[in-house]
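Structure record follows, encoded as structure tokens.
The values are calculated or read from the model by the stated rules, or taken from the named source; none is laboratory data. Computed from a predicted structure; not experimentally measured. Positions of Cβ are generated from backbone atoms using ideal geometry, with glycine treated the same way; all protein chains shown enter the neighbour counts. Remember, those area values only see protein heavy atoms, side chains included, never the ligands or the DNA or RNA. Shrake-Rupley method; radii C 1.70, N 1.55, O 1.52, S 1.80 Å.
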Amino acid sequence: MSAGHDDHGTGGLDLTLHIWRQESSEAEGRFETYPLHGVSPDMSFLEMLDVLNEQLTLEGRDPVAFDHDCREGICGSCGMMINGQAHGPERETATCQLHMRRFKSGDTIFIEPFRARAFPLLKDLVVDRSAFDRIIAKGGFISVNTGSARDANSLPAAKQDADLSMDAAACIGCGACVAACPNAAAMLFVGAKVSHLGLLPQGKPERSRRVLAMVAQMDAEGFGNCGNIYECEAACPKAISVENIARLNRDYLLASATERPSSAQGEGA
Amino acid sequence: MHSTPTTASELFTRASAAKLDSKCPSGPMSERWDKHRFDLKLVNPANKRKFHALVVGTGLAGASAAASLAELGYQVSVFCIHDSPRRAHSIAAQGGINAAKNYPNDGDSIRRLFYDTVKGGDFRARESNVYRLAQVSNNIIDQCVAQGVPFAREYGGLLDNRSFGGAQVSRTFYARGQTGQQLLLGAYQALMRQVGLGRVTLHARHEMLDLVVVDGIARGIVTRDVVSGEIESYAGDAVLLCTGGYGNVFYLSTNAKKSNVTAAWRAHKRGALFANPCFTQIHPTCIPVSGSHQSKLTLMSESLRNDGRVWVPKNKGDKRSPDSIPDGERDYYLERRYPSFGNLVPRDIASRAAKQMVDDGRGVGGNGMSVFLDFRDAIKRDGESKIRERYGNLFQMYERITDEDPYRVPMRMYPAVHYTMGGVWVDYNLESTVPGLFVLGEANFSDHGANRLGASALMQGLADGYFVIPYTIGAHFASRKLGKVTTEHEAFREAEGAVRARVKKLLATDGRRTVDQFHRQLGLLMWDHCGMGRSEKGLTHALGQIRSLRDEFHQDVRVLGENESVNMSLENAGRVADFFELAELMVIDALHRRESCGGHFREEYQTEEGEARRDDENFCYVAAWEHAQAGGAPRWSLHTEPLSFEEVKLTQRSYK
């Protein structure tokens, strides 16, 4: 095969992997060490784990469980701490898009699950991020039933607002922001959704209600508060800006001061 | 071992049963959907809550259907294999969604979108379905904008459009290179709103492993909880399969790793006919394979062909770097062969042309297995910043994977499996041959014929979910007698037992080869013989190989661990087992269809210029396959649904 990168030598990389293994949420976890030889620098990080898993399977040992799907950085399924960094060392890159050419032969790599109270561990590197879904279910939407929309161009949106909205909407819901935050805060995730919808004219009517409901659920799930450390933005594979947290705080403050309490819940339809 | 069949009669039987009823309305094309909607029975608002729909899959089709049905007042349960409904593979669609809005004032209309889609599909789709698709396309854009999908806009605040292959108008709406993501988030948010209101019950990390049919009507499903391993039954009054396509039968494809055929295949084995399985789309612009470790392929949006020019060197074996090959020695072969569509010919044509260049020894890159997609002229014309604004994220993704900077060096591209036009046969109501089983989105076969146009998959998924099923499912609820069925029914016990037995068998096989080893081998067979070029000889060879490999799989696969925890290889093994059976049917379908059309290119049937040659006399039909088990090995019988073209004249496609 034409790997195309001869600078790493034809034999590929030799690595020492320390991977967190834990059978279930109740079981006790531990690091296990796996040497891996001849890793092609053109492999993605997950392909490297595939190779390990094939090897483990052939040796009769339980393969490492990890979440993954699209492998092109958009579904948000994958995510692990790689040498202490959510999604590893490359900026704006999800684990599946991280390539082994970022590492060199002889490297030791620690691989752990995303850790946060609100993300209970299921097995090995797989965690439960359904807290994010519950936050969206409380208010991360515009209430419009199918069929009741008017012509798309009847509601112009300033290009700069639409662009900012799109910047925030690019969030893939991977949870790296939470994993990277010392407080395990979800404010970048929530701020991104509040911004995505609130910046558009069609999202304005529910702007206050949305932010109150989402923040209430965020707190209920056990996420922490923002401490202005900005690790979230640094870890975000889509470079979602902390500006969205500022917008979240502003909207929340305004909504808290002006919103009647009853309208924070209730019917969306 | 299996003997290699030589004649069609050994491959399959022809069904003698009554022909398939597509339930297409009659009358003028533009009035059919209106007429049909009026004729469909309604369920009154108070009765809606008595009916329970089980929606499997949460991509564009599933999420939009589940949300819309819940808004109407039906009870809905929704199932997905992912940890969240937002992860379905619709999320990865990049380029855009078509609609006949004609905002650019460039001559578009419902009729033109309809015409382009029928022609693009090489006259193997149902006209009535395609017309309806074009009609509701505009409602989709309205709906999505209202939901807050941040489509690209002009400075005046109105929506922007771009061009896609197979059309001469700009009708594609987009959200940077993440249109699928934004549309899916819109549908997902609508779905989660209903979950929050208690009208939808969400079952994430649940994989459907069987369909339950009671008294001839689909009444439930059996699932496996992929965390606990629990096998569970769910009963309802209708089942909606929105489970996507089966491109992963090729192992390497642009599909997500979890995309699979299992739900559709289980339904097929419970009586749903499977239509045109050999119609697969090989997308022309994907990042070439880099090594044997490769686990999937990455697509580069067709929108790149708006500005990128496709070329190879004129001379065979020209290994100079692209910037030192002067214009006179470059062959911009799409512009040369198809001057009126140029780089924006449909996907099947662009893919085939790339293969021809590579086969001709003019491919580029280390192994000569790719063609250039060059932005030099566009950057010169519009400036780098404009190109960055249009395609920045795609260029970045390309660089991540290949370590080459496409602003400086032309991209290298090669076709890869991307989409499957075939799928479960459905009538105009999106209902399969099993009453009460509806199939939406890529999982059905209905709208794209033998080749799908770019930016039409998103359109179809959302059309089915938002604007078709909410009407047609009512007819099922209102007109059939649906007695109370619970999961205590014998049919559920039987299906659960079958699922448990399959899981147990996979875990007990204790062979020597991994699931992926088998899957890769199967994929290679399919790519070599049932991919871009197909022949009697190659297909026949593949058929024998697939059957032996399938036997080996069941004797020699190694699945470690247990059922009662997260077990990726167990999940995979079940899917690959089904891919083996599907692969056989795909090959049989490809063998039987002795013509070339769209993505199905039989090397024996081509024009002198190397274009697909259809045989409308003998094959202007939908091939719908009925499954029957015969002594352990699957057997199929063929039903045909003739296609008639009243509006678009059957002609040899030309993009010249």
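How about the range A:164-194: which of its residues are β-branched (Val, Ile, Thr), in a helix (DSSP H, G or I) and either open to solvent by 10 Å² or more (accessible area, probe 1.4 Å) or facing chain B (nearest Cβ under 10 Å) (or both)? Talk me through it step by step, then tell me what you get.
Within the range A:164-194, the first condition is being β-branched (Val, Ile, Thr), and the residues that meet it are A:172, A:178, A:190, A:194.
With the extra rule that they be in a helix (DSSP H, G or I), the set shrinks to A:178, A:190, A:194.
Of everything in the range A:164-194, nothing turns out to be β-branched (Val, Ile, Thr), in a helix (DSSP H, G or I) and either open to solvent by 10 Å² or more (accessible area, probe 1.4 Å) or facing chain B (nearest Cβ under 10 Å) (or both).
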Of the residues in the range B:58-78, how many are out of contact with any strand residue (DSSP E or B) (no Cβ under 7 Å at 6 or more places or on another chain) and either on the phi > 0 side of the Ramachandran plot or not charged (D, E, K, R) (or both)? 9
Among the residues of the range A:134-163, the number that are in contact with a strand residue (DSSP E or B) (Cβ under 8 Å, 6 or more places away or on another chain) and open to solvent by less than 10 Å² (accessible area, probe 1.4 Å) is 3
Kindly provide the set of residues from the range B:386-398 that are away from every other protein chain (no Cβ under 14 Å) and open to solvent by 70 Å² or more (accessible area, probe 1.4 Å), ordered by number. B:LYS386
Residue satisfying all of: in the range B:407-430; touching a Phe, Trp or Tyr at 6+ places or on another chain (Cβ under 8 Å) and surrounded by fewer than 24 Cβ atoms within 10 Å (Cβ to Cβ); farthest from B:ASN276 (Cα to Cα) among these: B:TYR407
How about the range B:535-559: which of its residues are within 14 Å of chain A (Cβ to nearest Cβ) and open to solvent by 30 Å² or more (accessible area, probe 1.4 Å)? B:ARG558
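Each row is one residue, and each column tells you yes or no for (1) within 9 Å of another protein chain (Cβ to nearest Cβ); (2) over 25 Å from B:GLN460 (Cβ atoms); (3) open to solvent by less than 10 Å² (accessible area, probe 1.4 Å).
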position: B:ARG193; (1), (2), (3): yes, no, yes
position: B:LEU202; (1), (2), (3): yes, no, no
position: B:LEU240; (1), (2), (3): no, no, yes
position: B:GLY245; (1), (2), (3): no, no, yes
Quick count over the range B:600-640, residues being closer than 27 Å to B:SER128 by Cβ, surrounded by fewer than 18 Cβ atoms within 10 Å (Cβ to Cβ) and in contact (Cβ under 8 Å) with a residue 40 or more places away in the chain, is 3
Pairs, please: C-beta under 6 Å, at least 6 apart or cross-chain, first residue closer than 14 Å to B:LEU373 by Cβ and in the range B:322-336, second among the polar types (S, T, N, Q)? B:LEU334/B:ASN343
Filtering the range B:350-383 down to residues that are surrounded by fewer than 14 Cβ atoms within 10 Å (Cβ to Cβ) and assigned to a helix (DSSP H, G or I) yields B:ASP359, B:ASP377, B:LYS380, B:ARG381
Within the range A:148-158, is there a residue that is among the hydrophobic types (A, V, I, L, M, F, W, C), facing chain B (nearest Cβ under 10 Å) and not in a loop (DSSP other than H, G, I, E, B)? yes
Subset tally (residues that are more than 28 Å from B:ALA152 (Cβ to Cβ) and part of a loop (DSSP other than H, G, I, E, B)) for the range B:75-110: 3
Residue count, the range B:75-98 (criterion: touching a Leu at 6+ places or on another chain (Cβ under 7 Å) and surrounded by fewer than 24 Cβ atoms within 10 Å (Cβ to Cβ)): 1
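Just to check your reading of the model, which residue among A:ARG71, A:ARG117, A:ARG61, A:ARG102 is within 16 Å of the chain's Cα centre (by Cα) and more than 7 Å from chain B (Cβ to nearest Cβ)? Steps first, answer last, please.
On the way: A:ARG71 fails: more than 7 Å from chain B (Cβ to nearest Cβ); A:ARG61 fails: within 16 Å of the chain's Cα centre (by Cα); A:ARG102 fails: within 16 Å of the chain's Cα centre (by Cα).
The match here is A:ARG117.
Counting residues that are more than 14 Å from chain A (Cβ to nearest Cβ) and small (Gly, Ala, Ser), which helices (runs of 4 or more DSSP H) fully inside the range B:450-534 reach at least 3? Break it down stepwise before answering.
Details: elements: B:457-462, B:469-479, B:490-509, B:515-530.
Answer list for the range B:450-534: B:469-479, B:490-509.
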Output the number of the condition that B:PRO339 fails; it satisfies all remaining conditions of (1) open to solvent by 50 Å² or more (accessible area, probe 1.4 Å); (2) under 20 Å from B:THR402 (Cα atoms); (3) out of contact with any helix residue (DSSP H, G or I) (no Cβ under 8 Å at 6 or more places or on another chain). (2)
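Got a sec? Which of B:VAL118, B:VAL130, B:VAL212, B:VAL136 is modelled with pLDDT of 95 or more, more than 9 Å from chain A (Cβ to nearest Cβ) and part of a strand (DSSP E or B)? Steps first, please.
On the way: B:VAL118 fails: part of a strand (DSSP E or B); B:VAL130 fails: part of a strand (DSSP E or B); B:VAL136 fails: part of a strand (DSSP E or B).
Checking each option against the conditions leaves just B:VAL212.
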Of the residues A:ARG134, A:ARG129, only one is in contact with an Asp or Glu (Cβ under 7 Å, 6 or more places away or on another chain) and without any contact (Cβ under 8 Å) to a residue 60 or more places away in the chain; which? A:ARG129
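When you go through A:ALA94, A:ALA137 one by one, which is the residue that is of a type in the set (A, V, I, L, M, F, W, C) and not assigned by TED's automatic domain parsing to the domain that holds A:ALA216?
Details: A:ALA137 fails: not assigned by TED's automatic domain parsing to the domain that holds A:ALA216.
On inspection, the qualifying residue turns out to be A:ALA94.
Take the residues of the range B:286-320 that are of a type in the set (Gly, Ala, Ser) and within 14 Å of another protein chain (Cβ to nearest Cβ): which is nearest to the chain's Cα centre (by Cα)? Write out each step before concluding.
Our first condition is that a residue be of a type in the set (Gly, Ala, Ser); within the range B:286-320, this holds for B:290-292, B:295, B:301, B:303, B:308, B:317.
If we keep only those that are within 14 Å of another protein chain (Cβ to nearest Cβ) as well, we get B:290-292, B:295, B:301.
On the way: B:SER290: 25, B:GLY291: 26, B:SER292: 25, B:SER295: 19, B:SER301: 16 Å.
So the residue we want is B:SER301.
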Of the conditions (1) assigned to a loop (DSSP other than H, G, I, E, B); (2) within 11 Å of chain A (Cβ to nearest Cβ); (3) open to solvent by less than 10 Å² (accessible area, probe 1.4 Å), B:GLN143 satisfies every one except a single condition; which number is it? (1)
Long-range neighbours under 7 Å by Cβ, at least six apart or interchain, first residue at pLDDT 95 or above within the range B:500-523, second charged (D, E, K, R) and surrounded by 16 or more Cβ atoms within 10 Å (Cβ to Cβ): B:GLY511/B:ARG558; B:ARG512/B:ARG558; B:ARG513/B:ARG558; B:THR514/A:GLU54; B:THR514/B:ARG558; B:ASP516/A:GLU54
Options B:THR472, B:THR402: the member that is at pLDDT below 95 and surrounded by fewer than 21 Cβ atoms within 10 Å (Cβ to Cβ): B:THR402
Counting only residues that are touching a strand residue (DSSP E or B) at 6+ places or on another chain (Cβ under 6 Å) and among the aliphatic types (A, V, I, L, M), how many does the range B:391-411 have? 1
For the range B:149-172, give me the residue count where each residue is at the interface with chain A (Cβ under 7 Å from one of its Cβ atoms) and either surrounded by 24 or more Cβ atoms within 10 Å (Cβ to Cβ) or outside any loop (DSSP other than H, G, I, E, B) (or both). 3
